[in-house]
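Working notes, structure below.
Rule-based calculations on the coordinates, nothing more; no lab input. Keep in mind that what you see is a predicted model, and the values were worked out from it rather than measured. Note that each Cβ is placed from the backbone with ideal geometry, even for glycine, and that neighbours are counted across all protein chains shown.
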């Protein structure tokens with residue numbers, strides 16, 4: 001099964017960042033599931049988009065180097081209970097049934113014709129005056145859209161390559177071009193029976209609010225049976241951050257709620273909710289937030305901190321993927337529940353058992369692994385797993401797998417750090433820093449020294465890695481895959497030890 005994840009606008013892209021972290025942590029997907037992320041955003045120079053594409057590419061390199069069959073040179077399908085278990089592929093990497101080469105770009109994002117000009121260029125406004133004799137049509141356009149080229153709320157002179165700046169009325173017009181393009185046609189032609197679709201978008205800005213309804217309606221009206229009958233899930237993200245109004249900015253946070261209400265009313269009135277099998281609504285009360293985001297209209301300057309809402313939206317994709325077709329035969333809306341209700345900082349203790357089993361325990365294992373990889377593994381003790389895998393300082397610095405693994409784990413640690421420092425809503429599941437002390441890694445649970453032992457010392461990890469390695473002495477695995485597998489087994493035992501250890 002493939003899950004096509006359409007990430008619309010900045011929020012959709014940032015949710016992909018969280019999704020890549022959950023998949024790297026080994027969060028469970030159905031057997032033989034492949035994720036196909038598709039970024040839909042006119043603002044291709046967006047700082048978040050650039051970062052997320054780099055993270056997705058790094059994920060791919062790590063996984064392909066670990067789970068490739070040397071005899072066939074093909075990447076293995078979903079691997080059960082391991083880090084980087086689920087394959088991530090680009091749209092152009094989908095095997096084409098007729099064997100023809102694709103003519104779509106080798107990127108995770110979709111470029112749309114006309115995105116380098118203004119909205120006026122896109123609709124032909126600049127050609128409506130004399131000598132064509134269409135002055136009245138030009139006047140109509142000026143009545144519908146702001147024509148002041150110097151104003152903050154300019155619309156006809158809005159450069160599309162920085163997005164729609166919170167204007168869904170523009171986005172709804174422009175988005176038609178993508179659903180008529182070659183990428184969407186390729187998606188339609190190569191969607192298989194049983195494949196699923198998930199859409200992520202905010203509905204309080206411009207790109208997501210415009211793109212979400214258009215995309216759903218186009219999918220349901222497709223002439224391809226595998227597309228129009230596919231199970232569809234959607235994370236509908238309502239306001240979860242705010243920023244100060246800026247003098248020269250076209251985006252005003254004070255009307256986010258108004259836009260959200262208008263969008264929700266439209267979705268209900270046009271029957272859009274009935275076209276989606278599983279709707280996940282997410283929002284956050286920002287009135288009591290201690291800080292503000294920077295007001296960046298687009299481009300490289302738009303680079304927001306990771307937010308817990310984006311993590312929860314990513315977990316909704318996991319939830320949707322693991323539901324059966326029977327569960328998805330009726331259209332339902334879902335909400336996320338917490339063990340505790342708070343407006344202060346979050347940690348793992350605030351979440352219920354289902355959340356812990358679904359994604360938090362996996363994140364904890366990857367967090368221990370990231371600390372182990374950076375601080376403990378480079379000791380290279382005289383252990384059988386070290387010798388068997390040929391691990392040494394040069395290997396970590398030059399081998400493509402280990403170099404990219406280190407890059408990804410650094411991105412993961414930075415993501416966790418941003419979650420814990422987010423000035424809108426802090427989520428601190430782990431103590432991220434340079435401290436080597438594994439006993440204090442879980443923010444809500446500190447392991448104390450006892451009279452008999454000091455838990456989670458470096459020797460503890462090497463001992464557990466050796467024992468895990470010995471279990472696979474009769475199993476033929478690539479060194480890279482074996483390293484990920486014994487690391488996963490070790491961190492699973494470490495987490496079990498931590499959970500059962502008396503404080």
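Arranged from highest to lowest average of other beta-carbon atoms within 10 Å per residue, in what order do the peptides 47-59, 11-23, 348-360 appear? Could you put the intermediate results ahead of the total?
Values: 47-59: 20.0, 11-23: 26.9, 348-360: 16.4.
So the peptides 47-59, 11-23, 348-360, ranked by packing, come out 11-23, 47-59, 348-360.
Between residue 223 and residue 463, what is the spin-label point distance in nm, taking each point 7 Å from the Cα along the Cα→C-beta axis? A separation of 6.8 nm, rounded to one decimal place. Our summary of shape: the Cα atoms of segment 346-430 have principal axis extents of 43, 26, 19 Å, ordered from largest down, in whole angstrom.
Starting with the highest mean, order 221-229, 367-375 by the number of other Cβ atoms within 10 Å, averaged over the residues of each peptide.
367-375, 221-229
Full extension of the segment from residue 349 to residue 76, taken as 0.36 nm per residue of separation minus the current Cα-Cα distance, would add 94.7 nm.
Sorting the segments 189-200, 480-491 by their mean number of nearby beta carbons within 10 angstrom, highest to lowest, gives 480-491, 189-200. Note on segment 353-500: Rg/Rh from C-alpha atoms, Kirkwood Rh, equals 0.97.
Here the spin labels are modelled as points 7 Å beyond Cα on the Cα-Cβ line, and at residue 336 and residue 417 they lie 2.3 nm apart. If R0 is 22 Å, the Cβ-Cβ spacing of residue 392 and residue 479 corresponds to a FRET efficiency of close to 0.95.
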